[in-house]
Amino acid sequence: MSGRVYRLHSTLELPLEDVMDYFENNPTLPPEVEDVDITRRNNTLIIKAVSADDSLSKYTPTAQLKASVTENRVYEEEPPRAGAPSWGDEEEEEIPSELVEFACFKGDLETVLQNTALQYPMFLVLREIAMLSEKGTLTAITEESDELQATRIVEGEVRAASVEVVENPQQNGSSDSGVNWRDNKFIS
């Protein structure tokens, strides 16, 4: 399998436990990826590809997915809004909640999917993780078998996406909104 990742943007957030369960259940990985090494350093989760190809030097950095880990309070039901009217001297009930660690795959290509060796196969792994996410989006432009492909996954669902090739992307009608410094009457 050959492929390249040209553009990628991710705002995915999912419980860390879901990510760990996904890898513990032996998912089907792309043929180039024998396994993944999962490391956590403080508030950073790194999922590194282990190459199935022995000819790849052990000193060659393989692609890795990088996520920040944050703790969020998750409520069983919607908490009351601040500033909402309070009727009488009713005693407020505490809404049951728990702290949950989330893996946040947020950023562009160099932030979320690092290193070039096995980059496309690890993008396929990220795409599977995006299907588990209930919050965030994954958009990408990739190439597989000499054909460009657009990927867009929103809150765990594949959405329509396309690649548009334009002659000059800067000319989208906004050229008149800038300041014309050459003919500015306030600058002499």
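Results, tabulated for the structure shown:
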{"item": "Candidates Leu99, Leu109, Leu118, filtered to the one that is modelled with pLDDT under 95, open to solvent by 10 Å² or more (accessible area, probe 1.4 Å), among the hydrophobic types (A, V, I, L, M, F, W, C) and within 16 Å of Arg152 (Cβ to Cβ)", "result": "Leu109"}
{"item": "Residues of region 145-175 satisfying the condition of being at pLDDT below 90 and surrounded by 10 or more Cβ atoms within 10 Å (Cβ to Cβ)", "result": "Val163"}
{"item": "Failed criterion for Met20 (all others in (1) in contact (Cβ under 8 Å) with a residue 24 or more places away in the chain; (2) surrounded by 12 or more Cβ atoms within 10 Å (Cβ to Cβ) hold)", "result": "(1)"}
{"item": "Verdict on Leu56 being surrounded by 11 or more Cβ atoms within 10 Å (Cβ to Cβ), in contact (Cβ under 8 Å) with a residue 40 or more places away in the chain and farther than 13 Å from Leu126 by Cα", "result": "yes"}
{"item": "Leu126 at pLDDT 75 or above and either polar (S, T, N, Q) or not in a helix (DSSP H, G or I) (or both)", "result": "no"}
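The values are calculated or read from the model by the stated rules, or taken from the named source; none is laboratory data. Quantities reported herein were computed from a predicted structural model and do not represent experimental measurements. Here Cβ is always computed from backbone atoms with ideal geometry, including for glycine, and neighbour counts include all displayed protein chains. Ligands, DNA and RNA are excluded from the accessible area calculation, which covers all protein heavy atoms including side chains. Shrake-Rupley method; radii C 1.70, N 1.55, O 1.52, S 1.80 Å.
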